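The values are calculated or read from the model by the stated rules, or taken from the named source; none is laboratory data. Because the structure is predicted, anything quoted here is derived from the model rather than measured. In this analysis, Cβ positions are derived from the backbone assuming ideal geometry, glycine residues included, and neighbour counts consider all displayed protein chains. We work out accessible area using only protein heavy atoms, side chains counted, and drop any ligands, DNA or RNA first. Shrake-Rupley method; radii C 1.70, N 1.55, O 1.52, S 1.80 Å.
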Amino acid sequence: EDIKDSYPDRKIILVDTLQASMGQGLMVKYAVDKRNAGLSLEETAKFLEDNKLNFVSLFTVDDLFFLKRGGRLSGAVAVVGTILNIKPLLHVDNEGRLVSTGTIRGRAKSVDALIARMGETGINLENQDIFMVHGDCLEEAEAAAQKIKKLYKVKSVTINYVDQVISSHSGPGTLAI
């Protein structure tokens, strides 16, 4: 509505991606690919709507106190989890909500669990573009990307930093696939 007068010949179709950060970015990449392949705006929007539940975001965080500050964990759970070196495995569900899918003891094991979950739930991975984001843990992201390429022979892996809004809730050490 704000820009309609400035661009009266433009058409905008909104798609609730149910994603954030690079999960949303991956859907934009597919939208551009569909446009470049000759699909109309309506056909591209329909593709995104029809397939948005096939775009999956999995992630882990290193510091439970960021989840506590955001109201996702109690203080007691954050303290005990930190002492026990518990790392959550998180997922964005079909309603766009952040949900826990389990916990793992140890950082390296939590990253390996994300990669394994990708293999368990992914479809036709060798033809997939994978986007990863990290909260100031580039070396871990690069190592995870190499494992993903080796295990699943994916088409590509793109790595970027998690944005400021998401990182303020998840903290340094966030790694998402």
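What accessible area per residue comes out for the range 10-84, rounded to a whole number of Å², with a 1.4 Å probe?
Values: 4530 Å² over 75 residues.
I get 60 Å² per residue for the range 10-84.
Quick check: the angle from helix 21-36's long axis to the longest principal axis of the chain, C-alpha only, nearest 10 degrees?
30 degrees
If you place +1 on the Cβ of every Lys and Arg and -1 on the Cβ of every Asp and Glu, how big does the dipole about the Cα centre of the chain come out, in debye to the nearest 20? Show your work: numbers first, answer last.
Numbers: 22 positive and 23 negative charges, 122 e Å.
So the magnitude is around 580 debye.
Determine the equivalent ellipsoid of the range 1-59 by diagonalising the alpha-carbon gyration tensor, then write out the semi-axes as square roots of 5 times the eigenvalues, largest first, rounded to whole Å.
On the way: eigenvalues 105, 44, 19 Å².
Computed over the range 1-59, the values are 23, 15, 10 Å.
Out of all DSSP beta bridges with both ends in the chain, state the antiparallel percent to the nearest 5. Kindly include the intermediate steps, with their values, before the conclusion.
On the way: 14 of 20 bridges.
Counting DSSP beta bridges with both partners in the chain, the antiparallel share is about 70 percent.
Please list, ordered by chain and number, the residues whose modelled amide H lies under 5 Å from the amide H of LEU89; skip anything fewer than 5 residues away on the same chain.
THR101, GLY102, THR103, ILE104
Report the Rg/Rh value for the range 38-120, based on alpha-carbon coordinates and the Kirkwood definition of Rh. List each step's numbers first, then the result.
Details: Rg = 16.5 Å, Rh = 14.5 Å.
With Rg and the Kirkwood Rh in hand, the quotient comes to 1.14.
Roughly how big is the range 74-177's charge dipole about its Cα centre, with Cβ charges of +1 (Lys, Arg) and -1 (Asp, Glu), in debye to the nearest 20?
Values: 11 positive and 11 negative charges, 72 e Å.
Once rounded to the nearest 20, the dipole reads 340 debye.
Give the lysines reachable from LYS52 as a straight Cα distance under 16 Å; neighbours fewer than 8 places away on the same chain don't count.
LYS29, LYS34
What ratio of Cα Rg to 2.2 N^0.38 Å holds for the range 80-177? Don't jump to the answer; show the numbers that get you there.
Values: Rg = 13.4 Å, N = 98, 2.2 N^0.38 = 12.6 Å.
So the Cα radius of gyration is 1.07 times the expected 2.2 N^0.38 Å.
With a 1.4 Å probe and every protein chain left in place, work out the accessible area per residue of the range 89-148 in Å², rounded to a whole number.
Working: 3090 Å² over 60 residues.
Here the residues of the range 89-148 average 51 Å² of exposed surface.
State the Kirkwood hydrodynamic radius of the chain in Å, one decimal place, computed from all pairs of distinct Cα atoms.
Details: mean 1/r = 0.0572 Å⁻¹.
The answer is 17.5 Å.
Among ILE123, TYR161, GLY173, whose Cα lies farthest out toward the positive end of the dipole of the range 121-177, if unit charges sit on the beta carbon of Lys, Arg (+1) and Asp, Glu (-1)?
Value: ILE123.
Towards the positive end of the charge dipole of the range 1-137, with charges on Cβ (+1 Lys, Arg; -1 Asp, Glu), say which of ILE104, SER6, ILE83 has the farthest Cα.
Working it through, the farthest residue towards the positive pole turns out to be ILE83.
Take the solvent-accessible surface of the protein heavy atoms, probe 1.4 Å, and return the percent of it on the chain that carbon and sulfur atoms account for. Don't jump to the answer; show the numbers that get you there.
Numbers: 5770 of 10630 Å².
Roughly 54 percent, rounded to a whole number.
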